[in-house]
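The values are calculated or read from the model by the stated rules, or taken from the named source; none is laboratory data. No experiment lies behind these values; they were computed from the predicted model shown. Glycine also receives a Cβ, built like all others from the backbone with ideal geometry; neighbour counts cover every protein chain displayed. Accessible surface areas use protein heavy atoms only, side chains included; no ligands, DNA or RNA. Shrake-Rupley method; radii C 1.70, N 1.55, O 1.52, S 1.80 Å.
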Amino acid sequence: MTETENAAPSTEALAAAVNAPDGTPARKPGKQPGVPGFGRPQILPAPHTQSHYPAICAGCGQSLINGGNAVAYTGFQSIDLREGEPDALGLQVDVTDHRDYEVTCACGHHTRVTPGQGAVDAALTHVTLNEWRRVGPGLGALIVALRLRFRMARPRLQKFLHDWLGIDLSIGTIHQATQEAGAAVLPVEAEPIAAVQASGPLLVDETLWLEGRHTAWLWVFTAATVTLYAIAGRGRAILDTVLAGFNGWLMSDGWCAYRHFEPRLRCWAHLLRKAQGLIDSYGQETCAFGRHVLDLLKVLMAAVYATREGSPTDDLPTRYAEDLACLRMTCEPLKDHTHAKTRALAVELLNDWDAIFQVLHHPELPLTNNEAERALRHWAILRKISRGTRTPTGSRTFTVLASVMTTCRQRGHSPSPDRRAAIADRRAGRPLASLPTPVMQGV
C-alpha cells in the first residue's frame with residue numbers, strides 16, 4: 001500500500017462523501033421528513049385538564065392575571081393513582097392533561113410558566129426532580145413498593161402495570177421513577193442516622209451485596225424505632241462514619257471490625273449454632289467441647305429470661321462464676337487445637353469474653369442480633385433476584401428508600417403516603433417533611 005493510500009482522507013473528500021453533487025448537504029441531521037417518528041404509543045383519555053400560568057412577569061416583576069393574552073405553548077399528560085374512597089375501594093387511575101401557558105404582560109414581556117424543579121444531591125448523577133413527568137407521585141410510590149417491597153424485576157413490573165392497570169410504561173421510565181423517589185427522600189436520610197447514633201441497644205449486621213461487577217456489603221443498623229441501611233466495604237470505615245459519637249450498647253456477631261467498640265454485646269445465636277456444629281462432628285474431644293458450651297449457654301439464657309420475668313434472683317455473674325471459670329479453663333488449651341472449628345470457637349470465646357457475658361450483668365439487654373438478620377433477609381432475597389445494584393447512584397437510592405420504608409413501618413405508619421407526599425413536594429421545590437413519629441401504643 002502506498003503512502004497516499006495510507007493517508008487520512010482530506011476535508012474535501014469527507015465533504016464530497018456527505019454532500020450532493022451540487023454541493024448541498026445530502027441530508028439534514030435528525031429525523032427526516034416523511035419518516036415515522038418514535039413517541040409514546042399510549043395516549044389515554046384524560047378526564048381532567050390542569051392549566052398552569054406564570055404568576056410573576058419575568059421582565060418587570062409585576063403580578064400576572066390570567067386573561068385573554070394567555071396562550072398555551074406546551075403540555076404533557078400525567079398518570080397518577082388515587083386511593084379509593086370509603087364507598088369505592090381500590091386504586092383509581094387518574095389521567096390529567098397539563099397545559100402550560102405563556103402570558104404577555106402590560107410591559108410587553110412574554111413570560112412562560114415552567115414546571116417545578118427540585119434540587120438533587122450532587123452524588124445522584126443523572127437524576128432529576130421535575131414536575132414534567134408522565135408518572136405521578138402516587139404511581140411513583142406504587143412502583144417503588146412493587147420494585148422493593150414486592151421484589152418485582154422491572155420487566156415483570158412493566159407487565160403488571162399493563163395487565164392490571166392498563167398503563168404502558170417503558171423500562172427506562174420505571175427505572176427513572178425509582179431513582180427519582182430515592183432522590184426525593186434523600187434529604188431525610190440525616191434523621192435515621194441521627195436516631196441510630198442516639199439509640200439505645202443498637203443491632204448491626206452485614207451481608208454480601210453486588211454493585212455492578214464489584215463486591216460490596218449491605219449493612220444494617222437497627223434499633224426499636226429506626227433502621228438504617230448502607231452499602232460499603234466490609235471494613236470498619238463505614239462503622240466509624242455511621243457510628244461517630246455513638247456510645248450505647250452495640251450488638252453484633254464476631255466479625256473483628258466490631259471489636260473496637262465499647263460497650264459491646266455478642267450475639268448468642270451464632271455461638272449456639274457453632275457449638276451445635278461441634279456436637280454434630282466426629283471427634284470425641286470436639287463433641288465434648290461443643291456440648292459444654294451449648295449446655296452452659298442454655299442454662300445462662302434460662303437465668304436471664306427468669307430475671308426479666310421478675311423472678312427473684314441473686315447476682316448472675318456471682319452465681320455462675322465457677323461455671324464460667326471452668327469454661328475459660330477449657331478454652332485455653334483448645335486455642336491451638338488441630339480441628340479448625342474447635343480452635344475457632346475457643347479463640348472467639350476468649351477474645352469476646354466480656355462482650356459475650358455482659359448480659360449477665362445487664363439482663364435487660366438483648367441476647368441475639370436476630371432482628372438485624374431479619375432486617376437483611378428481605379433484601380438478601382432481592383439481591384438474588386436482581387443481582388444487586390448497577391451503579392453507586394442505584395445503591396444510594398436503594399439504601400435510602402429501604403431505610404425510610406423500614407423506619408416508617410417500625411413507627412407504625414404505612415410508607416406509601418410519605419413517599420407520595422415526598423415526590424410531590426420535592427418535584428415542586430418544596431421542603432421535605434420529617435419522618436413520622438412513632439405511634440404510641442395504647443393511646
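Quick one: net charge around residue 214, please, counting Lys, Arg +1 and Asp, Glu -1 for every other residue with C-beta under 14 Å from its C-beta.
+4
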Note, the range 256-267: 3J(HN,Hα) by Karplus (6.51, -1.76, 1.60, θ = phi - 60°), whole Hz, Gly/Pro = x, goes 5, 5, 8, 6, 7, 8, 9, x, 9, 10, 10, 6
Taking the Cα centre of the chain as the origin and placing charges on Cβ (Lys, Arg +1; Asp, Glu -1), which of 196, 359, 95 is farthest toward the positive end of the dipole? 95
Computed, not fitted: 222 nm per-residue ellipticity of the chain from DSSP H runs ≥ 4 (each -39500 (n - 2.57)), nearest 500, equal to -12000 deg cm²/dmol
1.4 Å probe accessible area per residue over the chain, in Å²: 54
Scoring only Lys, Arg, Asp and Glu (+1, +1, -1, -1) among other residues with Cβ under 14 Å from the Cβ of residue 72 yields -1
Counting only protein heavy atoms and using a 1.4 Å probe, what share of the accessible area of the chain belongs to carbon plus sulfur, as a whole percent? 55
Between the Cα axis of helix 370-386 and the main Cα principal axis of the chain, the angle (0 to 90°, nearest 10) is 40
Which of 250, 360, 186 moves most in a GNM of the chain, Cα contacts under 10 Å? 360
Distance between modelled label sites at residue 340 and residue 112, nm, 7 Å Cα→Cβ extension: 6.7
In sequence order, calculated HN-Hα J values of the range 172-184 (Karplus, 6.51, -1.76, 1.60; Hz; x Gly/Pro): x, 5, 5, 5, 4, 5, 5, 5, 5, 5, x, 5, 5
Sorted from largest down, give the three principal axis spans of the alpha carbons of the range 27-143, whole angstrom values. 51, 50, 38
On full extension of the chain, what length is gained from residue 130 through residue 97, given 0.36 nm per residue of separation minus the C-alpha to C-alpha distance? 10.3 nm
If I compute volume of the Cα convex hull per residue in Å³ from the structure I just sent, which labelled value in (1) 312; (2) 231; (3) 149 lines up? (1)
Accessible-area ranking of 252, 386, largest first, probe 1.4 Å: 386, 252
Going by amide H atoms built from the backbone, whose H comes under 5 Å of the H on residue 81, apart from near neighbours? 94, 138, 139
Tally of Lys pairs whose C-alpha atoms are under 27 Å apart, taken over the chain, 8 or more apart or cross-chain: 7
Can you work out ³J(HN,Hα) from phi for every residue in the range 82-92, in order, using Karplus 6.51 cos²θ - 1.76 cosθ + 1.60 and θ = phi - 60°, giving whole Hz and x for Gly and Pro? 10, 5, x, 7, x, 9, 8, 6, x, 8, 10
